[in-house]
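Inspection log for the structure reproduced underneath, given as structure tokens.
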Amino acid sequence: MSPLFRIFYQSFVKPFYRENAGTFVFVFTMFFFVVGTVDGAGLFKYHYGLIKALLGIPAFLVIAILLWGFYARKCAVFITQLLQQPPYRFFSVFRNLPRRLQYTLFAITDFILLLPLTFYLVLVITEGFYLQRVTATIIVLILLVACGTLLPAWHVYVLNNPERSRFFLKGFKGPAANPMLFYSGILIRAVQQTQKLAWLGIKLYTCTVLYFTSANNQLAPDDLQLTFLLFSFGILANGVFINRLRRYEEQYLSFYRSLPVSVAKRFITYALYCWVLVLPELVLLFFLSGRYLNSRTAFFFGTYAFSAVLLLLGISFVKQVTVKPLAAILLLLFFTGYFIMMASGIGLISLVFFPGAVILFLTRYYRSEAIVS
């Protein structure tokens, strides 16, 4: 590793993967460990069928391209933000290098940041040519080439024109300052600004699993339990960015605690925020109700999703934790829900989780601890 690239690696690559480690672990676990079999198919057949559906269904391909585009933009914004920060002002010395060398350094850096995306897109392109889905494959290939060539060019531009590139960061520098904005709206906006990729990934997984498992099975008791377990894993994964958002809230939105608002109204505000977080799942359950799911089952799935996310928020007010304790909490809730489902059915889970969330919020909101380092 050359001395110049070592600086780029330490400044961009390591911070990026350190910050997004939780998201990568979640996606890798879901796609290669948890979802190991679908209707008796192995891991290879599962991904083969997934890519085949992606190339054959235009709407599915559009959603996937949007998600891939958000990931590429996340990589672009990450480096752009760092270059605008005072600790990175020493990068101005790299402006003296030839533009070709600047582009090469950023191209290698962006390639490493885009490796998860590149790996999967190569699989899609390879299978696309094998299946002779030429149009869809070319679209994916263009996306891959565009990401690999345009991102380094943009970062070279940012390096050499820091003032002109600041408009790209509009909307990424903290919460909105409009005092009329409802607090739940501020929280939702914070998710959109800081955790958009993680939220979209979780929604894509949860809705995909819910739709295909309910559409392809007759929902016998065993099928319903499997559907719920996979659905539950996706719902509880919301705890990853809820925990991150609590850190964001403590850093930027601490003023809210000093406002003359009753704790009951605060709870309603956070409940509305949690409801919006699981809104895609609730909408999908509404459309599946009566077609692939009976209304009672769909209602229980929806109440579970809302109460579980609300409970995760309540737990975040007990103490801010790091990734490992958070993973332990999520696993504990996952198995708690599983045992309740096996003992008394899905409906009872919400009757346990929702009161627990209310009690935690009312007793711990004003006593929540500061952010851990």
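Overview of results
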| quantity | calculated |
| --- | --- |
| Given charges at beta-carbon only (K, R positive; D, E negative), |dipole| of the range 183-367 in Debye | 680 debye |
| FRET efficiency for A53 and V283, using Cβ-Cβ distance with R0 set to 22 Å, rounded to 0.05 | 0.60 |
| Most to least packed among 276-289, 252-265 [average Cβ atoms within 10 Å] | 276-289, 252-265 |
| Relative packing of 115-121, 146-152, 338-344, which averages over residues the other C-beta atoms within 10 Å, highest first | 146-152, 115-121, 338-344 |
| Computed over the range 274-373: relative contact order in percent, which uses C-alpha pairs under 8 Å that are six or more apart | 38 percent |
| Cα convex hull of the range 183-367 - mean projected area over all directions, nm² | 10.1 nm² |
| Rounded FRET efficiency, nearest 0.05, which uses the C-beta distance separating A21 from V318 and R0 of 25 Å | 0.60 |
| Contour minus Cα-Cα distance for F129 and S295 (0.36 nm per residue) | 55.5 nm |
| Nitroxide proxy distance, nm - points 7 Å out along Cα→Cβ at Q10 and V93 | 1.1 nm |
| Förster radius 35 Å - calculated FRET efficiency between V122 and W275 (Cβ-Cβ, nearest 0.05) | 0.35 |
| Exceeding the 25 Å Cα-Cα cut-off - candidates K196/K265; K14/K74; K52/K203; K14/K319; K265/K324; K203/K265 | K196/K265; K14/K319; K265/K324; K203/K265 |
| Percent RCO, i.e. relative contact order, over the range 183-367, from Cα pairs under 8 Å lying at least 6 residues apart | 28 percent |
| Extreme residue, positive dipole direction of the range 231-370, given options S295, N243, S344 (C-beta unit charges) | N243 |
| Per-peptide average of other Cβ atoms within 10 Å, ordering 351-358, 199-206 highest first | 199-206, 351-358 |
| Rough spin-label spacing in nm, given labels placed 7 Å along Cα→Cβ, for V352 and Y338 | 1.3 nm |
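We did not get these values from a lab; they are worked out from the coordinates using the rules stated. The model shown is predicted, which means the values in this text are computed figures rather than measured ones. All Cβ positions, glycine included, derive from the backbone under ideal geometry; neighbour counts span all protein chains shown.
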